[in-house]
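The values are calculated or read from the model by the stated rules, or taken from the named source; none is laboratory data. For clarity, every value in this text was computed on a predicted model and none was experimentally measured. A quick note on method: Cβ atoms are made from the backbone with ideal geometry, for glycine too, and the neighbour counts reach across all protein chains shown. Keep in mind that these areas ignore ligands, DNA and RNA; they rest on the heavy atoms of the full protein, side chains included. Shrake-Rupley method; radii C 1.70, N 1.55, O 1.52, S 1.80 Å.
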Amino acid sequence: MKMTFPLLGALALLTVVALPAFAGDAAAGAQKAAVCGACHGATGSSINPEWPNLAGQHEGYIVAQLQQFKLAKRDNPLMMPNATLLSDQDMQDLAEYFSAQSIVRSKFDADPAKVEQGRKIAQEAQCVACHQAGFKGLNEFPRLSRQKYPYIVKQLKDYRDGLRTNDNGVMASTAKNLSDEQIEALAHYLASI
């Protein structure tokens with residue numbers, strides 16, 4: 001079965017997301033990250049598979065997501081109250097700090113058959129057009145490599161099911177036809193690289 005995934009929305013996202021000029025201070029971000037560390041780990045490598053790794057994530061993406069939580073454009077009952085307390089400078093400092101941290105590879109025992117299936121789906125969907133080679137992301141497109149399997153599954157399902165809508169429809173249009181099996185295969189692949 002041939003799947004097609006529209007990519008024009010990605011270009012629209014680039015023109016809509018306004019990111020501030022970065023003047024973040026990593027040392028200040030390290031001090032402010034103490035609260036974040038309770039869920040995301042002190043250096044941004046989460047020990048809970050339900051929460052994303054922030055280490056090595058792009059500054060632009062971190063700031064954009066914090067802004068989305070603060071403005072209630074991205075729904076999460078744990079993140080929204082915390083983000084409302086952050087100033088723009090706080091967000092920039094946190095982004096500077098977490099983006100400079102090294103990601104600790106999660107302990108995930110990926111199924112080789114699902115990894116291969118996921119690789120093929122990612123190739124057909126042209127995921128690297130936004131998430132770049134090695135799924136390391138770029139600016140407001142997140143790094144997916146070394147992310148947690150359960151987190152990836154949840155985010156893809158949320159995009160597919162219309163529960164996550166803070167990206168101007170780019171991921172919703174990509175994920176809308178994915179089955180649970182395909183999402184699991186993609187997550188196996190992404191969590192393994």
_Flagged links, alpha-carbon separation over 20 Å, of Lys73/Lys154; Lys32/Lys107; Lys32/Lys70_ = Lys32/Lys107
*Quick one: Karplus J couplings for region 146-155, per residue in order, coefficients 6.51, -1.76, 1.60, θ = phi - 60°, nearest Hz, x for Gly and Pro?*
6, 7, 6, 3, x, 5, 4, 4, 4, 5
_Computed over region 86-193, Kirkwood Rh from alpha-carbon pairs, angstrom_ = 14.7 Å
*Dipole of the chain, positive end: most advanced residue of Ala26, Tyr149, Thr165 [Cβ charges, Cα centre]*: Tyr149
*Kindly write out, for region 75-81 in residue order, the coupling ³J(HN,Hα) from the Karplus curve 6.51 cos²θ - 1.76 cosθ + 1.60 (θ = phi - 60°), rounded to whole Hz, with x marking Gly and Pro.*
9, 7, x, 8, 7, 4, x
*Can you send over the carbon and sulfur percentage of the accessible area for the chain, probe radius 1.4 Å, protein chains only?*
57 percent
*Counting only heavy atoms of the protein chains, get the accessible area per residue of region 26-164 (1.4 Å probe) and round it to a whole Å² value.*
50 Å²
_Percent of C-alpha pairs per 5 Å bin, the chain, short to long_ = 1, 8, 15, 22, 21, 17, 10, 4, 1, 0, 0
*Kindly provide the helix-only [θ] at 222 nm of the chain, computed as the sum of -39,500 (n - 2.57) over DSSP H runs of four or more divided by all residues, to the nearest 500 deg cm²/dmol?*
-15000 deg cm²/dmol
*asked:* How are the alpha carbon pair distances in region 128-183 distributed across 10 Å bins from zero to the largest one, expressed in percent?
replied: 24, 56, 20
